[in-house]
Amino acid sequence: MTTTNRRIVQFTVNGNSVEVAITPRQTLLEVVRDELGLTGAKEGCSNGNCGSCTIEVDGVTINSCCALGVEMDGREVNTIEGLAPGNDLHPIQKAYMNNGGFQCGICTPGFILSTDHLLKMIPNPTEEEIRLHLAGNLCRCTGYDKIVRSVQAAAEDMNS
Amino acid sequence: MRNFDYVAPTSLTEAVQAFGQAGDKARALAGGTDIIDQIRIGRRTPELLIDTKRVPEMMVFEGDGAGGLRIGAALPLYRVRDDANVQATYPALATASGLVGAVQIQNRATLGGNVGNAAPSGDTIPPLVVLGSTVVIAGPRGTREEPVENIFAGPGQMTIAPDECLVEFRVPAPKANSSSYYVRFIPRAEMDIAVVGVGVSLTLNGGGQIEDVNISLASVAPTPVRATDAENVLRGETLTAALAREAGEQAEHHASPISDVRGSADYRRELTKVLTRRAVAACAAQLGVNVT
Amino acid sequence: MVATPEKAIGQPIARVDAVERVKGRAVYAPDLTLPGTLHCKILRSPHAHARIKSIDTSAAEEYPGVKAVVTHKDLPALDSDEQVGGEVTLDAVYLRQFLMASDRVLFHGHPVAAVAATSPHIAEEALDLIKVDYEPLPAVVGIEDAIKDDAPIIHEEVRTRGLEGRSDKPTNISVHMELARGDVAKGYEEADVVLEGEYRIGMVHQGYIEPQACTVDVDATGHITIYTTTQASFANKSQNAALLQVPLNKVTVVPLEIGGGFGGKGFTVPELPTALLALKTGAPVKTVLSRDEVFRATGPAPDAYCWIKAGANKKGEVTAFEARFYLDAGCLPGSALYVNNILVAGLSPYKLPNFQADGYDVLTNKSRSQAYRAPGLPEGAFAIETMMDELAEALDMDPIDLRIANITDDGAPMSDGMALPVTRFKEILETVKKHDSWTSPVPEGRGRGVAIGMRREGSGTSTATIQLNADATFSLIVGSVDLTGTRTSMAQIAAEELGVTVDEVRSTVGDTDSVGYSDGSWGSRITYVTGMAVKNASEDVIRQLKERAAEGFQASAEDVEYADRTFTLRDNPEQSITLAELAPKCVGMGLGAVIGTGIAAGVRPVTSTGVQICEVEVDESTGRATIARYTAFQDPGRAINPMAVEGQVQGAVAQGVGWALWENYEWGEDGILKNANFLDYRMPTALDLPMIETIFVGGPAPENPLGVRGVGEVPIIPPLPAVGNAVSRTTGIRHREIPLNPENVFWATHNGANGAK
């Protein structure tokens, strides 16, 4: 085995087809950040316990620090940068803005993608369902109160 | 992270060949939620990761034709967690599948990984054991089926050979009038490793007595263990609160825990009693027998 | 929501920088990669205490892809007397020793060498090739071991500051402080009940989700630019200039977005090895710490050991009070300010006519302690507020009544003799006492605890610059890093003062070349002190605009008034010019640019106060305590942005609850940290907390024209004792140890009280 066992991997990111030459040890998080320049997903813990690196693969959210880039061949990857086109804001993004759903903002892309996944599964979640679904995303600033309210506001907005 | 190679076989034949050639130099990469971190911190040092998610046999999720269930070793746990049949027929397994990490982990992690990691704390293991599940193992010497209960050798160690791989789990149809339950204790509400976990399956006879019972404990021994003393005091009896408590006391005989950052050995023994009592009572409650 | 000019202050508006954050575009330190960047990884000590006999970096240097390796040998010689820091100061030699070990390693994770390579993976591989020969030394891990007479001494040169003339032997107690008043012996005679207890509080981390990270770029002239995550860009600049022995004008610090700090990012951490590698290679070098490194080697909050003996009469008045507070400084002196916080802000809410209080800064073989939100006060409050609860219980008194009986009147002397600023503490406690969270019946199986907290704020200096644009909009630059909404609240203050809308003020944080010196974003000082600087800068802009308008009116600037975006001559309202008309004349048409500067320094201290009520449910079979209801009363003064204030309170409560129930550094006896990850270091998740009801009490602070008080720190003071008192009231056993994790509660309730004397 060499340290340059690169291979070409093709997948879609935010609807665009991409091709990268990467080594197996590059995590999906490293690939989107370092190879594709999409730095919205953050590395907070490197072992799947903080959710800052949450991105969506084939319709479900995962911790991209615990996945390899080479696994993505042919898969559909969506990051925070693709949630709303251009300068548009998704209703979830608006809800986090207007309800104080973040302070430092480092965890926010992960929370927003987890919220998107939740509202696709359960359009009208209870507070308990929101808290359960977001338990894999750590926030150290807000105490979660305003995050829960942001999710509730987003659900209300999207269902109206 | 140290470097390694990666292959993604697309058939069981290719997979068996890959594991057969690499032997102990390879590890399976299913959900990756354990192995990638283990490589990062140097706990495991495989030279090759074999991605099992493109092997159709390892992604099955269907009936076994006899009322039971086949679950591919690389199927993400959220599929098990959210399946209405699993929730109704194998509640312990549905519960445990929803306890492994958080949503993002459950969207990736697999039964094959949770079992294959062979951590004494694996949440899905007690449910698989008490439900009488088997696992299909493939290797260069052919395919065999083993009870899940028999494949653990120690923390992180399985009895299967390094050149073999886990293909699928088979969970038999439960008998009439039976149910299962899994409970674990962790300090926080979620996102934690079981300090103690208890899986129970119960079958009641027409008279309401316990016809059959299986109890499996997690995190209290080098491998998941059966609490046979607790099973013995329950079998043939009508459940009462006192009997559930006695089952807890008996279960403690099977606990030989260690002390670590997640809890002392003494605390784990105490929790074994409490959780066994609660799991037995909760499982019976699912069958309409309320003792608390 | 767009605020009207008159109402810019006091509106719960969305953050002015919100879009970049929700879109994932805000650039944090780990997100920046300059062209040609090399990546740094740091080799760390596997021992808590050892002598370094030799370091051999030759194999690492030859590894393909490695561009440079540095050790302590690459550090410039230091003037040994120099002090560096910010809110807390430290000998530069000590800070350097913390950031790069020389002859000894002092804690598990202590940096020993650093490698720059073409990829982080290669740098990491190269670390394995560095050979360090250690001679392990005995490690001192716990405070109570470190203060024993026969404890191994960590620094032979340390003598206890504060005991000069009384002791000249080597010690692990680097500072002793004391405050006293009255006659304690007489106080015990007046007491109807005397209690004594020991209190232990675990070491915790600030837990910011963004790890420390930086890129250092050295240009061809040797100018050093540091792109980093810091709470204090100017302190970071002066620390690094001192450590690298270069003049201050040779270092620029560019603060990128910061992913949480909470006190833990006031001191430089990865910048020193990164800069050494950048100087050595001539390329930009980037370091991003791992979570493991953040836990081990950035600086957690001190653990503490406290002892209190107190007497009270039947009216609940504390007649005698003795206390000793030991804070864990870690491997280098430096928690003295936090000790002082306890002795002053911690004790001053109560009259304590007769008291003797001693505080100690204790050295151990752990990472160097750093500030964490109201540093020292949560630890101190756990001891003090638990004792107050014990006294109330012993006297069968309502614990709020007991506090009212002892609360210091506004203007009365604090523990250090200075007058207590306006707190309205008694009034606040009377309000709390009538609130449903206290008066409603306690549900079966639950218990309720109360605790108070106070902090004094208003230190340091801040600067702001406001520039008028030709279209009558404004650009505001502050030197205070935006932790949780500084740009927004400063825009609100500027908009109100300038009589425009928030949208018309572009609010930014400058680097150390683009704005005047400003102290760090710590000590709850930003809204108050930087807010005053922004107010002053706004007034300066208006003053300059009045002068420009006066020139046109051929009148004196003193006779010009500004209202409704219009400058009017007081005695001749016909003579007027709008801001929109005047702006282009100033900018671009020759009247002269308008740049307002505001400096705030030496502002009058204010206090901020909080009272919290916690209701818990305890599963006695497992020991698990669950927060069932939580209410935080806070006096924010005049809330500039109520939504932001609420968020600060709720976040601090969550951190406090995490500290109270789960978070803790788990040390082996050998000083090895066993839980340096987010799995086994358990911070609260969304499922672990209820909604946190936040109620504003009190009113505008009379000490300053903005009427503001700090809000960021006080709300983390009450949670430890509020949770502890609630658990004790539920279990019927007095709990005196933090964390109250399930196992600790289980054994305490099964074996009887802990910490009782």
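Excluding same-chain residues fewer than 8 positions from A:Lys94, which aspartates and glutamates have a Cα within less than 14 Å of its Cα?
Candidates past the 8-residue exclusion: A:Asp116, A:Glu156, A:Asp157, C:Asp17, C:Glu20.
Counting alpha carbon pairs within less than 8 Å and at least 6 residues apart, what relative contact order, in whole percent, applies to the range A:91-159?
Worked out over the range A:91-159, it gives 52 percent.
What whole number of Å gives the distance from the Cα centroid of the range C:722-748 to the Cα centroid of the range C:153-183?
Centre-to-centre distance over Cα atoms comes out at 33 Å.
Among B:Leu93, B:Val80, B:Ala30, flag the residue with its Cα farthest along the positive direction of the charge dipole of the range B:1-98, charges on Cβ as +1 for Lys/Arg and -1 for Asp/Glu.
With unit charges placed on the Cβ atoms, the residue in question is B:Ala30.
Just flag the GluC sites (Glu not before Pro) in the range C:649-718 sitting in loop per DSSP whose Cβ has no more than 14 other Cβ atoms within 10 Å. Don't jump to the answer; show the numbers that get you there.
Working: sites: C:Glu663, C:Glu666, C:Glu669, C:Glu693, C:Glu703, C:Glu713; in loops: C:Glu663, C:Glu666, C:Glu669, C:Glu703, C:Glu713.
Those that pass, being in a loop and sparsely packed, are C:Glu669.
Taking θ as phi - 60°, what are the ³J(HN,Hα) couplings along the range C:222-228 by the Karplus curve (6.51, -1.76, 1.60), each to the nearest whole Hz, with x for Gly and Pro?
Each residue's phi maps through the Karplus curve to give x, 6, 9, 10, 10, 9, 8 Hz.
Please list, by residue number, every one of the chymotrypsin sites (Phe, Trp or Tyr not before Pro) in the range C:666-707 that is coil in DSSP and has at most 13 other beta-carbon atoms within 10 Å.
Passing both the DSSP loop test and the Cβ count: no residue.
Which one of C:Ala8, C:Ala68, B:Thr10 has its Cα pushed farthest toward the positive end of the charge dipole of the protein assembly as shown, where Lys and Arg give +1 and Asp and Glu give -1 at the Cβ?
B:Thr10
Rounded if a/c is under 1.5, else prolate if a/b is larger than b/c, else oblate: which is chain C, with a ≥ b ≥ c the root eigenvalues of its Cα gyration tensor?
Here chain C falls in the oblate category.
If we count every other residue with Cβ under 10 angstrom of C:Ala151's Cβ, Lys/Arg +1 and Asp/Glu -1, where does the sum land? Kindly include the intermediate steps, with their values, before the conclusion.
Values: positive: C:Lys148; negative: C:Glu144, C:Asp145, C:Asp149, C:Asp150.
That works out to -3.
If Lys and Arg each add +1 and Asp and Glu each add -1, what is the summed charge of the other residues whose beta carbon sits under 13 Å from the beta carbon of C:Ala59?
Details: positive: C:Lys131; negative: C:Asp56, C:Glu61, C:Glu62, C:Glu125, C:Asp128.
Result for the local shell: -4.
Only helical DSSP H runs with n ≥ 4 go in: add -39500 (n - 2.57) per run for chain C, normalise by residue count and round the 222 nm mean residue ellipticity to 500 deg cm²/dmol.
So the helix-based figure for chain C works out to -7500 deg cm²/dmol.
What is the spin-label model distance, in nm, from B:Ala173 to A:Glu19 if the labels are put 7 Å beyond Cα along the C-beta direction?
5.2
Check the straight Cα-Cα distances from B:Lys175 and name the lysines below 25 Å, setting aside those fewer than 8 residues away within the same chain.
none
Filter the GluC sites (Glu not before Pro) in the range C:569-641 down to the DSSP loop ones having no more than 12 other Cβ atoms within 10 Å, then list what survives.
none
Over chain C, what is the relative contact order in whole percent, taking alpha-carbon pairs under 8 Å and six or more residues apart?
Across chain C, relative contact order equals 15 percent.
With viscosity set to 0.692 mPa s at 37 °C, what whole-number translational diffusion coefficient in µm²/s follows for the protein assembly as shown from Stokes-Einstein and a Kirkwood radius over Cα pairs?
In µm²/s, the coefficient rounds to 103.
Take peptide C:278-291, look around each residue's Cβ out to 10 angstrom, count Cβ atoms belonging to other protein chains, and average those counts.
Other-chain Cβ atoms within 10 Å of each residue's Cβ, averaged: 1.
Given C:Lys23/C:Lys674; C:Lys250/C:Lys585; C:Lys237/C:Lys280, which pairs have Cα atoms separated by over 26 Å? Kindly include the intermediate steps, with their values, before the conclusion.
Numbers: C:Lys23/C:Lys674 37 Å; C:Lys250/C:Lys585 38 Å; C:Lys237/C:Lys280 19 Å.
Beyond 26 Å: C:Lys23/C:Lys674; C:Lys250/C:Lys585.
Using the Cα centre as the reference, give the magnitude of the dipole from point charges on the C-beta atoms of chain A (Lys, Arg: +1; Asp, Glu: -1; all else neutral), rounded to the nearest 20 debye. Show your work: numbers first, answer last.
Details: 12 positive and 19 negative charges, 75 e Å.
Once rounded to the nearest 20, the dipole reads 360 debye.
Give the percent of DSSP beta bridges with both residues in the protein assembly as shown that are antiparallel, rounded to the nearest 5.
On the way: 157 of 197 bridges.
Of the beta bridges lying entirely in the protein assembly as shown, close to 80 percent run antiparallel.
Got a sec? How would B:Arg70, C:Arg604, C:Arg166, A:Arg140 order by Cβ neighbour count within 10 Å, fewest to most?
C:Arg166, C:Arg604, B:Arg70, A:Arg140
Quick check on the exposure proxy: order C:Ser621, C:Ser518, C:Ser58 from fewest to most C-beta atoms within 10 angstrom.
Least crowded to most crowded, the residues run C:Ser58, C:Ser621, C:Ser518.
Is there a quick way to get the dipole size of the protein assembly as shown? I mean about its Cα centre, with the Cβ of Lys and Arg at +1 and of Asp and Glu at -1; what is the value in debye to the nearest 20?
720
Just want to confirm a number: the relative contact order over chain B, from Cα pairs under 8 angstrom separated by 6+ residues, in percent.
Here the relative contact order equals 15 percent.
Helix check for chain C. Which DSSP H runs span at least 30 Å along their own axis by Cα, with a mean Kyte-Doolittle hydropathy no less than -1.0?
Length and hydropathy pass: C:531-553.
About its Cα centre, how strong a charge dipole does chain C have in debye, to the nearest 20, once Lys and Arg get +1 and Asp and Glu get -1 at the Cβ?
Charge dipole, chain C, about its Cα centre: 420 debye, nearest 20.
For the protein assembly as shown, with the dipole built from +1 on Lys and Arg beta-carbon atoms and -1 on Asp and Glu ones, taken about the Cα centre, which of B:Gly20, C:Pro170, C:Ile258 lies farthest toward the positive end?
It is B:Gly20.
For a quick check: sort C:Tyr208, C:Tyr134, C:Tyr305 by the number of other beta carbons within 10 angstrom, fewest at the front.
C:Tyr134, C:Tyr305, C:Tyr208
Quick one: Cα centre-to-centre distance for the range C:571-628 and the range C:399-459, in angstrom?
Each part reduced to its Cα centre gives a spacing of 26 Å.
Each value in this text was obtained by applying a stated rule to the coordinates, not by laboratory testing. The structure displayed is predicted, hence computed values, not measured ones. In this analysis, Cβ positions are derived from the backbone assuming ideal geometry, glycine residues included, and neighbour counts consider all displayed protein chains.
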